[in-house]
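Just so it is clear, none of the values below were taken in a lab; they were calculated from the coordinates. The structure presented is a predicted model; accordingly, all values stated were derived computationally and were not measured. For neighbour counting, all protein chains shown are included, and Cβ atoms are generated from backbone atoms with ideal geometry for every residue, glycine included.
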């Protein structure tokens, strides 16, 4: 009896050049898609608190939205670690004190000994009251006056108002830790403090240079559109040996409500960026003044504003309001 053998046919994958190319292409598409998903997941949300190193013993805490679903994003918090303790510049909206301290403790065990407020607004002073009462608060004298009118500094919370103020200039600490505070005049408010770390060749501008945009001028707190470029010019003329400029904000907002979006705005810039911004504010004011002289209304002036192409990437959301401020300060009140 003959052996019956079962014959089995082995399936083979086609190996034609066309099939190989299709397989390789499909694999590449899948790989790119996976990498894209990972990249999106890894990208930090600009509204979340984030510690960023600028130099040895100098950090920023960026992010901090007023609430998870509403409001803007807090100003930049600067952290300077010194031999005597930690100096913090600006404390964001209320509710971020613990978050700031957590990030400070990730780089040093030294206590926070001093807080400097660049100006009065709540996105820069809001968490003052969440720090120990042993902390010394410092600001310009006009900023203390402005802050004292805010509800968050009434009653027992007045303890978190600046305990030390200055008029034109103030030196703090010494040696490589020395900090120089300056007041050059009205701009964003009437109490904008400019802070210099000479040993680090760095200046902190607060919202006097929030980012590259048509500036927010707060007339209710003494700000001035016409004085703005003059104040920046004084700062540039007086401050020497600085390379790094820390701005007041790290995000740019577009839209509102459910349509609001926030994108990253680099809070660490160069001295040349500050010089460019001063030129922008000067040319903006000159253009508004020329429009008024030509008899244009505020709406007409804002719609026909022509500035050099150098500023094409600037956020102009405040342009109309700034033109209105120029007109108001000149006594025109629009038309």
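The table that follows gives values for the structure above.
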{"read-out": "Packing-based exposure ordering (other Cβ within 10 Å, fewest first) of 61, 46", "value": "46, 61"}
{"read-out": "Cβ-Cβ FRET estimate between residue 219 and residue 315, R0 fixed at 22 Å, reported to 0.05", "value": "0.65"}
{"read-out": "GNM flexibility winner over the chain from 207, 322, 57 (Cα, springs under 10 Å)", "value": "57"}
{"read-out": "Distance-filtered residues of the range 242-269 - backbone nitrogen under 15 Å, label point 7 angstrom along residue 45 Cα→Cβ", "value": "258-264"}
{"read-out": "Alpha-carbon centroids, the range 129-147 and the range 154-176: separation in whole Å", "value": "6 Å"}
{"read-out": "Theoretical gain in end-to-end length, residue 279 to residue 307 [0.36 nm per residue, Cα-Cα removed]", "value": "9.0 nm"}
{"read-out": "Relative contact order %, the range 62-166, counting alpha carbon pairs below 8 Å whose residues are six or more apart", "value": "22 percent"}
{"read-out": "Selected from 308, 94, 162 as most flexible by GNM, with the chain as the system and alpha-carbon contacts under 10 Å", "value": "308"}
{"read-out": "Length gained when the stretch residue 259-residue 271 is fully extended (0.36 nm per residue, less Cα-Cα span)", "value": "0.9 nm"}
{"read-out": "FRET efficiency estimate (nearest 0.05) - Cβ-Cβ, residue 176 to residue 238, R0 25 angstrom", "value": "0.70"}
{"read-out": "Per-residue Cβ neighbour rank within 10 angstrom, fewest leading, 120, 108", "value": "108, 120"}
{"read-out": "Relative contact order, percent, the chain [alpha-carbon distance under 8 Å, six or more residues apart]", "value": "11 percent"}
{"read-out": "Per-residue Cβ neighbour rank within 10 angstrom, fewest leading, 271, 213", "value": "271, 213"}
{"read-out": "For the range 210-283: relative contact order, % (alpha-carbon pairs under 8 angstrom, 6 or more apart)", "value": "36 percent"}
{"read-out": "For the chain, built as a Gaussian network whose Cα springs stay under 10 Å, the top-fluctuating residue of 309, 56, 218", "value": "309"}
{"read-out": "Of all DSSP beta bridges in the chain, antiparallel share, percent nearest 5", "value": "70 percent"}
{"read-out": "Spin-label pair residue 113/residue 169, simplified geometry with 7 Å Cα→Cβ offset, distance in nm", "value": "2.4 nm"}
